[in-house]
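Read through the structure below, which is laid out as structure tokens, and then see the notes.
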Amino acid sequence: DKTHIFVRDIQSLNNEFWIGTESGVYIYHHQKGTITHLQKQYSNPYTLSDNAIYTVCKDKDGGIWMGTYFGGVNYYAAQSSIFTKYFPQQHINSISGSAVREIAKDKNGNFWIGTEDAGLNKLDPKTGKFTSFFPTGSKYSIAHSNIHGLLADGDQLWIATFHHGLDIMDVNTGLVTQHYQPGAGNGLRSNFILNLHKTRANEILLATTYGIYQYNRNKDDFD
């Protein structure tokens with residue numbers, strides 16, 4: 001339609017690139033040089049639930065998980081070509097929010113889903129059960145309900161928040177074991193961590209509103 005495409009995330013899958021954008025999902029078949037465009041269709045329950053795709057994650061079975069801004073999580077199974085949708089529902093075990101910002105998978109095979117409107121969720125793909133985590137004021141709870149970055153690192157889940165610093169959660173217990181914020185004996189100068197990334201050398205990087213930081217494991221600090 002000749003309008004600009006704002007890309008949020010890209011995942012490679014076999015001979016395809018799945019590109020999450022503000023206007024749906026584009027699947028680029030690079031060997032053929034063709035593009036398939038997936039969008040929400042109001043009359044079709046088997047399409048995307050929302051066109052604003054913020055994060056794309058693939059699993060070992062070739063399935064694609066897509067976090068949307070206000071349509072929850074969509075799961076695409078390669079063998080069936082059908083989307084499974086996860087919505088917030090009252091009085092039913094479900095995802096807590098609709099504005100899904102980030103998805104990460106831990107060593108136990110669980111999916112951690114960070115939302116901008118309703119905290120953190122853990123999905124056990126074996127049972128389909130959701131566990132939700134909210135800020136309660138306890139030092140063992142997450143610091144804020146607006147999550148902008150997730151990174152699974154062994155037994156730890158790194159949780160980047162909107163203007164409330166960085167939490168470290170034990171994925172086995174669901175308890176926050178460490179919290180970092182500026183002026184609390186560390187080198188951080190920003191409370192707003194936009195993204196988290198682990199390099200091939202296992203170095204953890206933080207993208208913040210005050211630049212990029214690298215976690216110093218020896219000093220438990222940030223450079």
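Points to keep in mind about this one:
- Low-density loop cleavage sites - trypsin sites (Lys or Arg not before Pro) in region 141-223, where at most 14 other Cβ are within 10 Å (DSSP): Arg189, Arg200, Arg217, Lys219
- All aspartates and glutamates inside 18 Å of Lys32 as judged from Cα atoms, apart from same-chain residues fewer than 8 positions distant: Glu16
- Note on the chain: along the principal axes its Cα atoms extend 52, 42, 31 Å, ordered by decreasing extent.
- Distance from region 15-42 to region 109-135 (C-alpha centre basis), Å: 26 Å
- Of Lys85, Lys122, Lys60, the one that fluctuates the most in a GNM where the chain has Cα springs shorter than 10 Å: Lys60
- If the chain linking His29 and His197 were pulled fully straight, counting 0.36 nm for each residue of separation and taking away their Cα-Cα distance, it would gain 57.8 nm.
- For Lys122, the shell of other residues with beta-carbons less than 9 Å away shows a net charge of -1, using +1 for Lys and Arg and -1 for Asp and Glu.
- Largest GNM mean-square fluctuation across Ala78, Ala118, Ala99, computed for the chain with C-alpha springs under 10 Å, falls on Ala78.
- Convex hull of Cα atoms in region 107-174, direction-averaged projection (nm²): 4.2 nm²
- Straight-line cross-link reach from Lys129 at under 21 Å between alpha-carbon atoms covers these lysines, not counting any fewer than eight positions away in the same chain: Lys58, Lys60, Lys85, Lys105, Lys107.
- Principal axis box of region 1-128, alpha-carbon based, largest edge first, Å: 44, 30, 24
- Using a probe of 1.4 angstrom and keeping all protein chains present, the accessible surface of the chain works out to 53 square angstrom per residue.
- FRET efficiency, 1/(1 + (r/R0)^6) with R0 22 Å, evaluated for His163 and Tyr140 via beta carbons: 0.60
- Accessible-area composition of the chain, carbon plus sulfur, in percent [1.4 Å probe]: 48 percent
- Top of Phe17, Phe70, Phe111 by mean-square fluctuation, Gaussian network on the chain, Cα under 10 Å: Phe17
- Fully extending the segment from Asp221 to His37 would add 61.9 nm, taking 0.36 nm per residue of separation and subtracting the current Cα-Cα distance.
- Of the residues His91, His163, the one with the largest accessible area comes first in the ranking His91, His163, computed with a 1.4 Å probe on protein heavy atoms.
- Options Trp18, Ile5, His91, ranked by Cα towards positive dipole end of region 1-147, top entry (Cβ charges): His91
- In region 63-183, inverting the average of 1/r over every pair of distinct C-alpha atoms gives 14.5 Å as the Kirkwood radius.
The values are calculated or read from the model by the stated rules, or taken from the named source; none is laboratory data. The shown structure was predicted, so the numbers you read here are calculated from the model rather than taken from an experiment. All Cβ positions, even for glycine, are placed from backbone atoms using ideal geometry, and neighbour counts span all protein chains on display. Each accessible area value is taken on the protein alone, full model and side chains, heavy atoms only, with ligands, DNA and RNA left out. Shrake-Rupley method; radii C 1.70, N 1.55, O 1.52, S 1.80 Å.
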